[in-house]
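> This is the structure I want to talk about, given as structure tokens.
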Amino acid sequence: MILGSNAELRFPVVSQTKISDPETGNPVLATTELKVQASLNRLPQGKTPGSTQDEIPGVNPTDVFLQGRAINPQTLPPQLLRGGTGTIEITDPVSGSKLKGDFLLLATVPSKYALVTQLLGHPIEGYMQNARIG
């Protein structure tokens, strides 16, 4: 591990386990919570790679764009490769305070070189929304 973790992301992931829906009794797939430790950095407004915030539906100009790498686990499951929504808790590097919010994970492509992902982790890009001190 080369990078230090400053954020914890949590995503609901559908598992292969079937459970009975408590209201209907029908079989449904269970969801589990995936925790991802990550090293994320904030990009200044207008520096979002390849696009502007206005081009992504549902993104508020006050949302914070974050970019970095997954630390633990270093690879994301296939369900999250196309993006997803979850929660984030990130430590501010200046004040040391923790910020919490929602996280909109954007689709990213891992390196074609497996060694890069093993050493640096899967790339992560997304928006922190509804940030609050926590």
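> Give, in nm to one decimal, the length gained when the segment between VAL109 and GLN16 is fully stretched (0.36 nm per residue of separation minus the Cα-Cα distance). Don't jump to the answer; show the numbers that get you there.
Values: separation 93, 0.36 × 93 = 33.48 nm, distance 2.43 nm.
Gain in length upon complete extension: 31.1 nm.
> In addition: Of (i) -0.45, -0.53; (ii) -0.59, -0.65; (iii) -0.52, -0.60, which one was derived for log10 I(q)/I(0) by the Debye sum over Cα atoms at q = 0.12, 0.13 Å⁻¹ from the structure shown?
Structure-derived value, by its label: (iii).
> Let me have the relative contact order for the chain, percent, based on Cα pairs under 8 Å that are six or more residues apart.
Numbers: 277 pairs, mean separation 35.2, N = 134.
Once divided by the residue count of the chain, the mean separation gives 26 percent.
Any read-out appearing in this document is the output of simple, stated calculations on the displayed coordinates, not a laboratory observation. Just so it is clear, the model here is predicted, and its values are computed rather than measured.
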